[in-house]
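The values are calculated or read from the model by the stated rules, or taken from the named source; none is laboratory data. What you are looking at is a predicted structure, and each value in this text was computed from that prediction instead of being measured. Heads up, the Cβs are rebuilt from the backbone with ideal geometry, glycines too, and the neighbour counts pull from every protein chain shown. Surface accessibility is based on the protein's heavy atoms, side chains included, excluding ligands, DNA and RNA. Shrake-Rupley method; radii C 1.70, N 1.55, O 1.52, S 1.80 Å.
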Amino acid sequence: MTPLRRPPRLAPGARVAVVAPSGPIPEERLAAGLDVLRGWGLDPVAAPHVLGRHGELGYLAGGDADRAADLQNAWCDPAVDAVICARGGYGAQRMVDALDWEAMRAAGPKAFVGFSDITTLHEAFAVRLGLVTLHGPMAAGVDFVKSARAQEHLRATLFDPESVRTIRSDGTALVPGRARGVTLGGCLSLIAGGIGTPHTRDSARGGLLCLEDVGEETYRLDRYLTQLLRAGMLDGVAGLLLGSWAECDPYEEVRTLLVDRLGGLGVPVAEQFGFGHCDDALTLPFGVAAELDADAGTLTLEEPALS
């Protein structure tokens with residue numbers, strides 16, 4: 001696994017498009033998130049269908065074609081410097097195949113931010129565009145609009161990435177040790193659900209795989225991890241970073257599973273690393289070469305996330 005191309009960092013006055021590839025957006029939270037971005041000196045622009053609603057499937061932010069068009073048009077607009085997702089939910093898998101990847105590649109690199117259901121797009125951007133992306137809080141997420149720490153870590157990553165080359169967690173080592181590799185990952189259920197589909201890698205060999213999830217019972221987490229193991233996704237993985245397991249079963253039960261499924265891989269595993277569906281979530285770049293120190297709870301990037 002090799003490092004991916006780093007998009008340019010942002011500067012005051014940069015135009016940022018906010019898109020909704022997945023679930024519907026509460027208007028008041030979108031307004032609050034846009035205000036935060038304006039406070040950073042950015043020029044945020046909401047995509048035409050960002051407040052859309054699917055006529056029959058209420059968990060989708062409008063039709064698949066509209067959601068895909070918003071993302072593609074924002075990416076291909078030369079006046080747009082970055083694209084930030086409004087929220088996760090569900091729906092990215094339904095629209096990812098409708099994107100014109102040749103046109104998006106021709107448009108050149110720019111920063112892309114999101115997490116949760118956006119895991120599908122992180123993988124697609126890596127496979128089809130070869131770009132570093134940012135696993136971080138989204139513009140209309142309650143975790144973003146109410147968390148100064150989450151806002152500041154994302155802002156620093158976008159504007160001054162040298163200042164966050166070492167990402168520190170308050171977590172501990174599930175399995176001690178150090179490892180070097182290229183970061184990738186996201187929401188565990190989406191990684192498992194993407195195996196065998198287009199625009200998705202089938203191996204994390206040589207990578208530092210970052211995993212988290214929300215609202216899953218332990219047996220379902222077991223199913224996802226076992227699927228990764230059986231599919232060979234974890235063969236040759238260099239190390240693992242585990243984020244939050246919000247609204248899952250009690251953490252001691254989840255931790256027992258994580259030890260059972262991941263402890264025998266023989267690689268460092270850092271737990272409770274502070275990314276994902278949690279308060280004050282950190283922003284992690286995917287596609288960057290880095291060193292994990294599981295004992296210290298640090299991820300040190302070899303280069304800044306953005307150029």
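Starting from the Cα gyration tensor of region 137-204, take the square roots of the eigenvalues, sort them a ≥ b ≥ c, and report rounded, prolate or oblate (rounded when a/c is under 1.5, otherwise prolate if a/b is larger than b/c, else oblate). Oblate, since a/c reaches 1.5 and b/c is not below a/b. Per atom type, region 258-307 shows carbon and sulfur on 41% of its accessible surface, probed at 1.4 Å. For GluC sites (Glu not before Pro), the sites in region 191-258 that DSSP calls loop and that have at most 10 other Cβ atoms within 10 Å are Glu247. Counted residue by residue at 0.36 nm each, then reduced by the alpha carbon distance between them, the extension gain from Ala79 to Asp35 reaches 13.8 nm. Taking only the C-alpha atoms of region 104-180, Rg followed by Dmax gives 14.6, 43 Å. Label region 35-108 by shape, choosing from rounded, prolate and oblate, from the square roots a ≥ b ≥ c of the eigenvalues of the Cα gyration tensor; if a/c is under 1.5 it is rounded, and otherwise prolate applies when a/b is larger than b/c, oblate when it is not. Note, shape of region 35-108 comes out oblate. The amide H of Ala82, built 1.01 Å from its N in the peptide plane, has Ala17 as neighbours under 5 Å, considering only residues 5 or more places off or on other chains.
Measure nothing fancy, just the Cα-based angle from helix 148-159's long axis to the longest principal axis of the chain, in degrees from 0 to 90, nearest 10. With rounding to tens, the tilt is 80 degrees. Using a simple spin-label model with pseudo-atoms 7 Å out from Cα toward Cβ, Ala148 and Glu27 lie 3.1 nm apart. Extending 7 Å from the Cα toward the beta-carbon at both Asp43 and Ser163 defines two label points whose distance is 2.3 nm.
Heavy atoms of the protein chains alone define the surface here; on that basis the chain has 38 Å² accessible area per residue at 1.4 Å probe size. The packing ranking of peptides 17-24, 268-275, highest mean first, is 17-24, 268-275, where packing means the average number of other beta carbon atoms within 10 angstrom of each residue.
The H on the amide N of Arg53, modeled in the peptide plane, is under 5 Å from the matching H of Gly62, each at least 5 residues off or on a different chain. If you take the square roots of the eigenvalues of the alpha-carbon gyration tensor of region 123-275 and sort them as a ≥ b ≥ c, do you get rounded (a/c under 1.5), prolate (a/b over b/c) or oblate? Note, shape of region 123-275 comes out rounded.
Placing R0 at 22 angstrom, the Cβ-Cβ distance between Arg53 and Asp249 gives a FRET efficiency of 0.10 after rounding to 0.05.
Note on Thr172/Thr226: beta-carbon distance plugged into 1/(1 + (r/R0)^6) with R0 of 25 Å gives a FRET efficiency of 0.55. Between Thr300 and Ser203, residue separation times 0.36 nm minus the direct Cα-Cα distance comes to 32.7 nm. Rolling a 1.4 angstrom probe over region 141-249 with all protein chains present gives an accessible area of which 45% lies on carbon and sulfur atoms.
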